[in-house]
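S.K.: Dropping a structure here in structure tokens format, bear with me for questions.
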Number of protein chains: 2
Amino acid sequence: MPPAAPAPAKSRPLSNFLCFAVYSANLAFGRAYKPILDELGLTYTQYIALVALAEKDEQTVGELGERLFLESNTLTPILKKLESLGFVARRRDPADERVVRISLLPAGQTLLDKDPGAILFEATGMGQEIVPMQQTIAELRDNLLRHSRGKG
Amino acid sequence: MPPAAPAPAKSRPLSNFLCFAVYSANLAFGRAYKPILDELGLTYTQYIALVALAEKDEQTVGELGERLFLESNTLTPILKKLESLGFVARRRDPADERVVRISLLPAGQTLLDKDPGAILFEATGMGQEIVPMQQTIAELRDNLLRHSRGKG
DNA sequence: TGCGATTTAATCGCATACGATATATATCAT
DNA sequence: ATGATATATATCGTATGCGATTAAATCGCA
């Protein structure tokens with residue numbers, strides 16, 4: 001038998017990339033939320049920002065960014081949109097005019113009280129595993145960010 | 001003691017949203033890959049597309065989209081960019097001129113053979129848990145997409 | 001055979017992410 | 001007090017995602 005041409009070394013498949021699992025799961029969540037949020041006139045990121053705003057009143061853009069792992073370049077347009085929709089109020093802090101503080105308006109709190117994402121619990125198919133899964137993925141995130149900070 | 005004003009019902013915190021864990025972990029992966037991919041002149045999505053292209057030769061845009069959970073509106077500009085960088089070739093299928101087939105060029109295979117993402121294994125801090133984690137997150141993704149397909 | 005329906009990519013518009021920069025305000029050192 | 005420095009937010013340009021539409025090619029079926 002003639003020597004076979006060297007098979008092109010198969011590189012690592014997508015299924016072995018944790019980053020791709022996370023990437024594609026994120027796309028999947030966005031699509032699952034889409035019909036729910038369309039009803040409410042919100043995008044996925046806008047909704048997540050509202051959830052973060054409910055955790056503490058009168059957060060600054062910077063504080064909100066720490067919660068969401070985003071910066072003002074991304075948040076400012078989103079917060080302006082949420083303001084125009086009547087879900088939040090933005091105002092300069094009189095004690096430090098550099099700072100903008102965001103407050104959740106009643107319409108925003110009302111929307112969150114309905115917990116529109118809850119109906120996706122079943123769609124995850126994860127049952128009670130959902131809690132440890134959140135924790136493990138959050139840990140992964142924190143590990144990666146710590147690594148990046150180290151070299152940043 | 002006068003009756004306390006009803007405490008505003010705390011809505012579900014960000015830490016209990018699996019979607020936020022996934023969302024933020026995805027951002028974290030992008031940031032961890034950034035310095036590595038900057039060296040190679042690639043973006044995160046371009047890199048993932050290359051990995052997917054290595055799995056099968058001469059894939060169509062549609063096939064690649066099924067692997068990546070993306071469509072031609074997102075892929076076409078990315079593939080054109082990878083072509084301009086010399087990592088892939090794009091050509092119409094002579095047997096069906098609607099179809100565009102993508103082939104990985106030697107420069108692309110060489111890049112993948114170096115597995116530039118491998119040095120992030122340690123940064124995940126997940127040790128051998130990384131394999132079951134990939135599987136669980138992929139399962140989550142598939143469950144969510146099945147749900148969305150059901151109502152799409 | 002021919003023509004409407006289907007399929008595949010590509011294009012367009014909008015909303016994120018994010019690096020780089022700009023702007024306004026506050027702080028600090030003298 | 002004042003100028004240099006630092007900080008907080010906003011703006012700008014580029015690269016995704018994605019719904020909607022378009023353009024080209026193929027298919028199906030009378």
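S.K.: Would you mind getting me the FRET efficiency between A:T76 and B:E71? Use the beta-carbon distance for r and R0 = 30 Å, nearest 0.05. Don't skip to the end; give the middle numbers.
M.R.: Values: r = 30 Å, r/R0 = 0.99.
About 0.50, to the nearest 0.05.
S.K.: Related question: To one decimal in nm, how far is A:S72 from the same spot in the other copies, if labels go 7 Å from Cα toward Cβ? Please give the shortest first.
M.R.: 4.3
S.K.: Continuing with the same structure: Leaving out same-chain residues fewer than 8 places away, which lysines sit with a Cα under 20 Å from that of A:K10?
M.R.: Here the lysines satisfying the reach criterion relative to A:K10 are B:K56, B:K114.
S.K.: Right, something else. Put a label point 7 Å from Cα along the Cβ direction on B:E83, then list its distances to the equivalent points in the other copies in nm, shortest first.
M.R.: Once sorted, the set of distances for B:E83 reads 4.4 nm.
S.K.: Shifting gears a bit: On the protein heavy atoms, probe 1.4 angstrom, tell me the percent of accessible surface of the range A:97-152 carried by carbon and sulfur.
M.R.: About 53 percent, which is the carbon plus sulfur part of the accessible surface.
S.K.: Please identify the helices of chain B, taking whole runs of DSSP H, that span at least 20 Å along their own axis as judged from the Cα atoms and have a mean Kyte-Doolittle score of 0.0 or higher.
M.R.: The answer, listed by residue number, is B:18-40.
S.K.: Nearest to the axis that maps chain A onto chain B: list the chain A residue whose Cβ wins, with the distance in whole angstrom.
M.R.: Closest Cβ on chain A to the axis mapping it onto B, in Å: A:N26, 2.
S.K.: Once you sort the root eigenvalues of the Cα gyration tensor of the range A:13-69 as a ≥ b ≥ c, which label holds: rounded (a/c under 1.5), prolate (a/b larger than b/c) or oblate (the other case)?
M.R.: oblate
S.K.: Quick check for you: with a 1.4 Å probe and neighbouring chains kept, what is the accessible area per residue of the range B:19-151, in Å²?
M.R.: Values: 6590 Å² over 133 residues.
Value returned for the range B:19-151: 50 Å² of accessible area per residue.
S.K.: What is the mean number of Cβ atoms from other protein chains located within 10 Å of the Cβ atom of each residue in peptide B:47-53, rounded to a whole number?
M.R.: 3
S.K.: Here is a follow-up. Determine by what factor the alpha-carbon radius of gyration of the protein assembly as shown differs from 2.2 N^0.38 Å, reporting the quotient. Kindly include the intermediate steps, with their values, before the conclusion.
M.R.: Numbers: Rg = 22.1 Å, N = 304, 2.2 N^0.38 = 19.3 Å.
Compactness ratio reported: 1.15.
S.K.: Which whole number gives the average count of other chain Cβ atoms within 10 Å of the Cβ atoms across peptide B:126-138?
M.R.: If you average over the peptide's residues, the count of other-chain Cβ atoms is 5.
S.K.: Taking a ≥ b ≥ c as the square roots of the Cα gyration tensor eigenvalues, with a/c under 1.5 meaning rounded and otherwise prolate when a/b beats b/c, else oblate, which class fits the range B:19-151?
M.R.: Taking the square roots of the gyration eigenvalues as a ≥ b ≥ c, the range B:19-151 is oblate.
S.K.: Nm distances between the label at B:E122 and the same-position labels in the remaining copies, 7 Å along Cα→Cβ, shortest first?
M.R.: Here B:E122 shows inter-copy label distances of 4.7 nm.
S.K.: In peptide B:29-35, what is the residue-averaged number of other protein chain Cβ atoms found within 10 Å of each Cβ?
M.R.: Mean partner shielding for this stretch: 6.
S.K.: Using just the helices of chain B, give the 222 nm mean residue ellipticity in deg cm²/dmol: DSSP H runs with n ≥ 4 each add -39,500 (n - 2.57), and the total is spread over all residues, rounded to 500.
M.R.: Mean residue ellipticity, 222 nm, calculated: -18000 deg cm²/dmol.
S.K.: Hey, another quick one. Label the range A:87-152 by shape, choosing from rounded, prolate and oblate, from the square roots a ≥ b ≥ c of the eigenvalues of the Cα gyration tensor; if a/c is under 1.5 it is rounded, and otherwise prolate applies when a/b is larger than b/c, oblate when it is not. Walk me through the intermediate numbers first.
M.R.: On the way: a/c = 4.78, a/b = 1.22, b/c = 3.93.
Verdict is oblate for the range A:87-152.
S.K.: Would you check the accessible area of B:L42, probe 1.4 Å, heavy atoms only, in square angstrom rounded to 10?
M.R.: B:L42 exposes around 10 Å² with every protein chain in place.
S.K.: GNM, chain B, Cα, under 10 Å: largest mean-square fluctuation among B:L111, B:L85, B:L140?
M.R.: Comparing B:L111, B:L85, B:L140 in a Gaussian network model of chain B, the most mobile one is B:L140.
The values are calculated or read from the model by the stated rules, or taken from the named source; none is laboratory data. Predicted model, so just to flag it, every value in this text is computed and none were measured. Cβ: placed from backbone, ideal geometry, glycine included. Neighbour counts: every protein chain shown. Surface areas here come from the heavy atoms of the whole protein model, side chains and all, with no ligands, DNA or RNA. Shrake-Rupley method; radii C 1.70, N 1.55, O 1.52, S 1.80 Å.
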